[in-house]
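The values are calculated or read from the model by the stated rules, or taken from the named source; none is laboratory data. Remember, predicted model here, so these are calculated numbers, not experimental data. Cβ atoms come from the backbone with ideal geometry, glycine included; neighbour counts cover every protein chain shown.
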Amino acid sequence: MNVSVNGKEHITHEGASLASLLEDLSISRDEKGIAIALDYEVIPRDLWERTVISCGMKIEVVRAVAGG
Amino acid sequence: MQMKVESNELGVKSKESRAKQLKIADKEFASRLILGTSRYPNPNVMLDALEASGTEMVTVAIRRINLTDGSRESLISLLKQKGLQILPNTAGCYTAHEAVLTAKLAREALGTNWIKLEVIGDDETLFPDVSELLKGAEKLLSEGFVVLPYCNDDPVTCKKLSDMGCAAVMPLGAPIGSGMGIRNPYNIQIIRELVTVPLIIDAGVGTASDVAIAMELGCDGVLLNTAVAQAKHPVAMARAVKLAAEAGRLAYEAGRIPRKLFALASSPVEGLIGK
């Protein structure tokens, strides 16, 4: 199924969780300083494992960068 | 002898004010400066400049992770190792909705409910969108954030932000990155009279004297980035702005003389030769 990750189309399997999506993207779920929003709602880290994503969802994976 | 006593008293006062320079919400900072972390020549220069400035709080942006590049810089751990408080910002947001989501992502990513709220209204001037800013501030305050809004140098907007519970107001001195200094010192003075929360100049600083002017106007702090990061010698400029903040604040506390149009002789007028 197709989802959008950081504005780009991404194909993942039916029933994928946020945690498994991160695995697809080679991002460690233990990586500090990152946050995820699913359809514009922030999903706390302890819910990544059990949050199932579905077709067409918009996922944002962010972190802090240098800024002013 | 009299002068020496006064000098000592001033010295003591200076030490006392250094101990607790700036209080925002429930936190106290020994420095009146907040620095950005962007546009430095490299991370080492940034860290040296932050140290030279004496700042205890730095701002960072929130951006999408680059999915094609796994080697992510560890900016936050570098900053935390230095004991700096992280102030995430919503730079780049154009609506209250975007800014609120960014603030919530920042809270989740960094474990802080402090947010420098920016809602931009125009991509050329980077001036704030006041109606969206007020809407975003209200929403974030209702969700328990400590909100430090970047706003216009407009006394009415600043008063509204202060009254609704923002932890500080941060009017611009001039457009972001412009280095134009404080373009409307009279408005800043009016804002100083109207708001009770900390008043921090955010944006427009070009060099150390701009920081000193902000302090002399009675501001509680200054947030700056480009003036230091893009200076020919960022570490030296960081030290310059630190000294300017201290000098400007001390001058504010000392109380400047009123401006006069005509001269007033400093030397005695009695006993002049030939009179």
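General observations
- Answer residue from region A:17-50, given it is among the β-branched types (Val, Ile, Thr) and at pLDDT below 95 and is surrounded by the fewest Cβ atoms within 10 Å (Cβ to Cβ) among those: A:ILE27
- Strands (runs of 3 or more DSSP E) completely within chain A that count 3 or more residues being at the interface with chain B (Cβ under 10 Å from one of its Cβ atoms) and under 30 Å from B:GLY177 (Cβ atoms): A:34-38, A:58-66
- Taking residues in region B:24-40 that are at negative phi and within 14 Å of chain A (Cβ to nearest Cβ), and partners anywhere that are modelled with pLDDT of 95 or more and part of a loop (DSSP other than H, G, I, E, B), the pairs with Cβ atoms closer than 8 Å and at least 6 places apart or on different chains are B:LEU33/B:GLY54; B:LEU33/B:THR55; B:ILE34/B:THR55; B:LEU35/B:THR55; B:LEU35/B:ASN225; B:GLY36/B:ASN225; B:THR37/B:ASN225; B:SER38/B:ASN225.
- Condition check for B:VAL235: crowded, with 16+ Cβ neighbours inside 10 Å, over 17 Å from the mean Cα position of the chain (by Cα) and of a type outside the set (S, T, N, Q): yes
- Applying the criterion of being in contact with a Pro (Cβ under 7 Å, 6 or more places away or on another chain) and touching a residue at least 12 places away in the same chain (Cβ under 8 Å) to the residues of region B:76-108, the residue that is surrounded by the fewest Cβ atoms within 10 Å (Cβ to Cβ) is B:LEU78.
- Qualifying residue in region B:187-203 (condition: surrounded by 21 or more Cβ atoms within 10 Å (Cβ to Cβ) and on the phi > 0 side of the Ramachandran plot): yes
- Only one of the numbered conditions (1) away from chain A (no Cβ under 12 Å); (2) farther than 11 Å from B:LEU84 by Cβ; (3) in a loop (DSSP other than H, G, I, E, B) is not met by B:ASP48, and that is (3).
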